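Q: Just passing along the structure, written as structure tokens.
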Amino acid sequence: MKKFAFPLDRVLAWRRTQVRLEEAKLEQAHTQLRTLQQKIENLAQERDSARLQLFSSHGATGAEFQALEPYRAASEAEGARLTNSLEPARQAITTQVQVVVERRRDVKLLERLREKQVQVWTLAAAVELEQLAEDSYRARSARSREP
């Protein structure tokens, strides 16, 4: 009896590698989104902290209050720029999720094909074993009948 061999094992291994690569890209996209969100949050906290610190200090001068406005405006502009980057980052995640799903589907298809071939091979091996047992039984019976 032949050992089971799936002719598409190398293709299956390659497809599994592709899935891992696409999953890594997806994780990277998630990391980029989290980084953007964290930058937006940090920027807002810094802006609020600077404002609160200036307002809570009793010796703040008019020049310091005047300097706060350009900082606030620049901070809000940077926050708006980062916020505008969120949607493309989310879209990249959505696109990458679709790619990962497709790659997983490709792997699943090959795995099902492999399973079916294993079943066919197992059935053929059982038939072959049954035939061998039958031939052995007949040979033994024929020998025992010989004078």
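The values are calculated or read from the model by the stated rules, or taken from the named source; none is laboratory data. No experiment lies behind these values; they were computed from the predicted model shown. In this analysis, Cβ positions are derived from the backbone assuming ideal geometry, glycine residues included, and neighbour counts consider all displayed protein chains. Heads up: the accessible areas ignore ligands, DNA and RNA and are worked out on the full protein's heavy atoms, side chains in. Shrake-Rupley method; radii C 1.70, N 1.55, O 1.52, S 1.80 Å.
Q: With everything on Cα atoms, drop me the angle between helix 62-145 and the longest principal axis of the chain, reported from 0 to 90° to the nearest 10.
A: 10
Q: A further question on this structure: A125 versus L109, label points 7 Å from Cα toward the beta carbon: distance in nm?
A: In this crude spin-label approximation the distance works out to 2.8 nm.
Q: Something else now. Could you please state how large a percent of the accessible area of the stretch 4-127 is carbon and sulfur, counting protein chains only and using a 1.4 Å probe?
A: 57
Q: Using a cut-off of 19 Å between alpha-carbon atoms, which lysines can reach K3, once sequence neighbours fewer than 8 places away in the same chain are excluded?
A: The reachable lysines, counting only those whose Cα sits under 19 Å from K3, are K116.
Q: Additional query: Mind pulling the angle between the C-alpha long axis of helix 9-56 and the longest principal axis of the chain? Nearest 10 degrees, somewhere in 0 to 90.
A: Computed tilt is about 20 degrees.
Q: Using a 1.4 angstrom probe, figure out how much accessible area the chain has per residue, in square angstrom, rounded to the nearest whole.
A: Working: 11300 Å² over 147 residues.
Ligands and nucleic acids excluded, the result is 77 Å² per residue.
Q: Moving on. Output the relative contact order of the chain, whole-number percent, from Cα pairs under 8 angstrom with separation of 6+ residues.
A: That works out to 45 percent.
Q: Ranked from the most accessible area to the least, with a 1.4 Å probe and all protein chains present, what is the order of F65, F6?
A: If we order F65, F6 from most to least accessible, we get F65, F6.
Q: Find how many whole Å separate the alpha carbon centroid of the stretch 133-147 from the alpha carbon centroid of the stretch 44-84.
A: 99
Q: Any idea of V97's accessible area? Nearest 10 Å², probe 1.4 Å.
A: 60
Q: How charged is the neighbourhood of S75? Take every other residue with its Cβ under 9 Å from the Cβ of S75, and add Lys/Arg as +1 and Asp/Glu as -1.
A: Neighbour charge sum, excluding S75 itself: -1.
Q: How big is the accessible area of S56 in square angstrom, nearest 10, if you roll a 1.4 angstrom probe over the protein chains?
A: Roughly 80 Å² of S56 is accessible to a 1.4 Å probe.
Q: Show that you can apply the helix-only estimate: for the chain, add -39,500 (n - 2.57) for every DSSP H stretch of four or more residues, divide by all residues, and state [θ] at 222 nm to the nearest 500.
A: Mean residue ellipticity, 222 nm, calculated: -34000 deg cm²/dmol.
Q: Students often get this wrong, so try it: which of [x] 0.93; [y] 1.56; [z] 0.99 is Rg/Rh (Cα atoms, Kirkwood Rh) as calculated from the structure shown?
A: [y]
Q: Counting only protein chains, not ligands or nucleic acids, how are E22, E46 ordered by accessible area (probe 1.4 Å), most first?
A: I get E46, E22, largest accessible area first.
Q: Compare R51, R90, R114 in a GNM of the chain, Cα atoms joined below 10 Å, and give the one with the largest fluctuation.
A: R51
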